[in-house]
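To start, the structure itself, in structure tokens.
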Amino acid sequence: MPIVVDIDVMLARRKMSVGELADRVGITPANLAVLKNGRAKAVRFTTLEALCQVLDCQPGDLLRWEAAAAGDPDDDLRATG
């Protein structure tokens, strides 16, 4: 997937656990894990805002775009919509 989630990088920089971040943001640790591991299909702006506030960062510190590798099966999904 071309969108990479770097929450784990910010957690390490802030020396914060996933559980603490989940508590402070107000989401379940399971939902945070889905987002952190790149399995989420969407993220609410309110959640992104809360993550940025708690981690004292910008959205671009948490999300970045990478070009998809050639033959990536997700490319076929995007092409057929």
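Since every read-out is calculated from the coordinates, none of them should be taken as a lab result. These figures come from a predicted structure and were not determined experimentally. Note that we place each Cβ from the backbone using ideal geometry, even for glycine, and neighbour counts take in every protein chain shown.
Here are some notes:
- The criterion of being surrounded by 16 or more Cβ atoms within 10 Å (Cβ to Cβ), assigned to a helix (DSSP H, G or I) and not charged (D, E, K, R) holds for A50.
- Within the stretch 18-44, the set of residues being free of Cβ contacts under 8 Å to residues at least 12 places away in the same chain and in contact with a Pro (Cβ under 9 Å, 6 or more places away or on another chain) comprises G19, A22, D23.
- Of all residues making up the stretch 1-47, the number that are among the basic types (K, R), surrounded by 12 or more Cβ atoms within 10 Å (Cβ to Cβ) and more than 13 Å from the chain's Cα centre (by Cα): 3
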